[in-house]
1. Spot the failing condition for T27; the list is (1) surrounded by 15 or more Cβ atoms within 10 Å (Cβ to Cβ); (2) not in a strand (DSSP E or B), and only one is missed.
2. Take residues that are aliphatic (A, V, I, L, M) and surrounded by 13 or more Cβ atoms within 10 Å (Cβ to Cβ) and tell me which of the strands (runs of 3 or more DSSP E) falling wholly in the range 425-544 contain 1 or more.
3. Among the numbered criteria (1) among the hydrophobic types (A, V, I, L, M, F, W, C); (2) at pLDDT 90 or above; (3) part of a loop (DSSP other than H, G, I, E, B); (4) buried (at least 18 other Cβ atoms within 10 Å of the Cβ), which one does I209 miss?
4. Within the range 66-100, which residues are part of a strand (DSSP E or B) and of a type outside the set (A, V, I, L, M)?
5. Scan (1) closer than 22 Å to F351 by Cβ; (2) not assigned by TED's automatic domain parsing to the domain that holds A355 for the single condition T381 breaks and write down its number.
6. Does any residue in the range 49-67 that is among the aromatic types (F, W, Y) come within less than 8 Å, Cβ to Cβ, of a residue that is assigned to a helix (DSSP H, G or I) six or more places away or on a different chain, and which pairs are these?
7. Taking the conditions exactly as written (more than 30 Å from R130 (Cα to Cα), loosely packed, with under 15 Cβ neighbours inside 10 Å and in contact (Cβ under 8 Å) with a residue 60 or more places away in the chain), does S17 satisfy them or not?
8. From L514, L466, grab the single residue that is without any contact (Cβ under 8 Å) to a residue 40 or more places away in the chain and of a type outside the set (D, E, K, R).
Amino acid sequence: MAQATPQPLSFSFDRDSGELSATFTPTAGFPPLTLAFLKQAMADNGLTKLFFQDSVLNGFVRKAEDAKEAVSQVIAQRRDGEFALEVADDLMTASLTLVAPFGGRAKSVEVVNAIRAAGITYGILHEQLRGALSTGHCNKLVIAQGLMATPAEPARFESLLEEKQEELAEIEEDAVVSYADMGYLLLVSAGDPLMRRIPPVPGQDGIDIRGGKVPARPIADVPFAKESVGAEPSADDPDLLVAIVPGQPTVIKNGVKVNPVIDIENVDLSTGNLTFEGTVRVSGDVMTGMKLHVGGDVVVSGTVEAAEIVAGGNVTVKGGVIGHSEGVTATAGTTSIASRISAKGSVQVMFAESAHIEAGESILVLGNARQCELLAGDEITVGKGNPRTGQIIGGRVEATNTIRANVIGAPTGNFTRVQVGLDPYLEEKIAIKEQEYARKVAELDRTIKQQGYYKLNPEKATPEILFETSDKRKALAYEVKTLLEDVAQMKEGMVSAEDARIVVAKAVYEGTELRIGHQVWPVQSDLSGGTAQLFEGDIRYNPKK
């Protein structure tokens, strides 16, 4: 009987250790061992289900290349499957990680036992679990999901003044509340509905993966604001706020204030400077040197000369605003001003000259604005309805969102600065808050160090001092937290400069300086109408088509 030809490559598997050893014996007539031949031999012998690494196989092949006699090496091993079960701290999810076996045993039974041992009984995702156990591997797969508590819906407050505004808009021009194209003053009568309160909706409890209750967060039942002066809940419907006095309504957070209204002929020496919490209507003029400070709106049927108006609401001047700048030279971007209007709401005027006008919301100048300072928290419009007006000549005009005008600058080269993209008020308020925050943090740090000193040297402090220091620390910590929240809330209100724009209907003259955010663009030559806005961080002017 013929003797079998000896094979240079052989394998040996140790069942106890689970290790696979390979032996290569250099044999005449056989080519050198290669990685491909080694892998094929393992496949032919059904050994590829074991765990092996190419780097180990390559090492054995290189060893065999230089061998003069038989060489052996462990090249693979048997490995059982592995798993990890992770339960979230809030008991709302459980995640499974499975490592497949290499010639060894899977851990399906152990996985099921571990789930039971973890007390997981609710929200098991059986399909995902079966799929993972079937394939033998997964990575942080969610296999149990609790039921989240449904958040409560807070009470909502809806203004009911829109119908009243539409009603007033149809009143003829000579009525008390009408100002033709310049808007109207909204007034209400006693008993008029102002605001509807929609009560809160309680949340629904959830269930964690162990079957435990996850309580919905309770929510306060917020009533109408106590600051709703001049209004109160209806006797027939406690969720309906109605006016109890006639006057001008102002929507506030969770309520409406109704301010009484007064009418006067002129603001002059016969009346003296006027301070009033409600709304003031002036049928004539506000004369030079006078001051009018009100908590509501101001309506002036005549003109405002070199006077001062400060309003907590809106300001409307039908006859224009005229300041005085004789004998004074204005520097670049500024103007000499003797007429000042400041409103937390909006300002509307027929025209403005040598005037300083501030508005928390918007400014509308129906005619021209000449050598003025205009500052608005939202937008500024110069010119409305008449194409021959709407010119910004000289001065400084700043708005957070948008500035619109027919013409900016003048052929005479008056320096005119126009800026959008930065809230002229908010940055200053934020800076003040941040300075106060820094002071409180420093004071809190000193108090903490003082407490630490007293702990190390108890003989230096009486119980009263320790009590006062502890109370001071708590109070300062609360103030620091509140200030930090205030700053964060104010920063959320900052408008992105990318959304700001300057819209010009007809022309922009040389000598104008356009600013968007922190970018500055001096206009070097006359331009036709168009829109200026930021594009990739730079000011881009798109001519009107």
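1. (1)
2. Of the strands (runs of 3 or more DSSP E) lying wholly inside the range 425-544, those with at least 1 residues that are aliphatic (A, V, I, L, M) and surrounded by 13 or more Cβ atoms within 10 Å (Cβ to Cβ) span 501-508, 512-516, 527-535, 538-543.
3. With (1) among the hydrophobic types (A, V, I, L, M, F, W, C); (2) at pLDDT 90 or above; (3) part of a loop (DSSP other than H, G, I, E, B); (4) buried (at least 18 other Cβ atoms within 10 Å of the Cβ) applied to I209, the lone miss is (2).
4. Correct list: S72, Q73, Q77, R79, E82, F83, E86, T93, S95, T97.
5. T381 satisfies every listed condition except (2).
6. From the range 49-67, the pairs are F52/M42; F60/L38.
7. Spelling it out, S17 is indeed more than 30 Å from R130 (Cα to Cα), loosely packed, with under 15 Cβ neighbours inside 10 Å and in contact (Cβ under 8 Å) with a residue 60 or more places away in the chain.
8. L466
The values are calculated or read from the model by the stated rules, or taken from the named source; none is laboratory data. In this text, all values refer to a predicted model and were calculated from it rather than measured experimentally. Neighbour counts are summed over all protein chains in view; Cβ atoms, including those assigned to glycine, are modelled from backbone coordinates with ideal geometry.
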